[in-house]
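Step one of this worksheet: look at the structure below.
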Amino acid sequence: MEGLYHQTNKQVHEVQSYMGRLETSDKESVHLVENEIQARIDNIFSNLERLEILSSKEPPSKRQNAKLRVDQLKYDVQHLQTALRNFQHRRYIREQQERQREELLARTFTTNDSDTTIPIDETLQFNESLQNAHRGMDDLIGSGTNILQGLRDQRVTLKVCFTTVLQAENAGKGPNSILTKPAILTFYHLTRNIFKLFL
């Protein structure tokens with residue numbers, strides 16, 4: 001494991017130093033440098049998979065330290081992968097802006113026609129979509145208000161039932177009460193607990 005770890009660590013440092021070539025490469029060769037870096041990163045990831053397996057086979061006294069070292073390498077490689085993707089994204093945006101600038105410079109402008117048209121279809125559709133979303137939110141809030149009112153009404157009904165059960169309990173505490181039977185007492189206590197849950 002040690003040999004593979006040191007080899008992979010060396011590859012990580014090589015990729016880190018190789019990343020500096022991205023900024024100095026010209027437009028024609030930057031793709032080649034990116035592909036080379038990506039191939040090296042992929043190779044490091046495959047080494048890390050093998051290192052994870054090997055670190056789990058280490059003796060218990062060395063296993064945690066080995067896993068920490070592998071995790072650190074994995075973090076470094078993920079950081080390199082993110083840096084490469086960020087560079088590619090910035091390069092893509094820069095190239096797109098250059099293309100748009102060239103198109104704008106190459107465009108020939110003419111005077112306006114007598115019947116100038118203004119494209120408002122997209123704006124109109126966007127406005128209608130916003131209004132539909134607004135109406136949908138109003139409907140959602142309205143249905144939520146109705147649900148809350150229904151829950152409040154159920155709460156009042158349950159309070160009345162609970163009060164009735166309490167009155168029945170107070171009325172049935174005598175020795176001749178019907179509530180002294182075990183089955184009815186069990187039912188009574190269950191319903192009382194259910195009412196307490198909802199109140």
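Every number here is computed from the coordinates shown, using simple stated rules; none is lab data. Just so it is clear, the structure is predicted and the values come from calculations on it, not from any experiment.
Were the residues from Ile93 through Leu151 laid out at 0.36 nm apart, the gain over their Cα-Cα distance would be 15.5 nm. Shown for segment 1-129: lysine pairs separated by 8 or more places, or found on different chains, whose C-alpha atoms are under 19 Å apart, numbering 5. Across segment 60-74, rounded Karplus estimates of 3J(HN,Hα) from the backbone phi angles (6.51 cos²θ - 1.76 cosθ + 1.60, θ = phi - 60°) give x, 5, 9, 4, 5, 5, 5, 5, 4, 5, 5, 4, 5, 4, 4 Hz, Gly and Pro being marked x.
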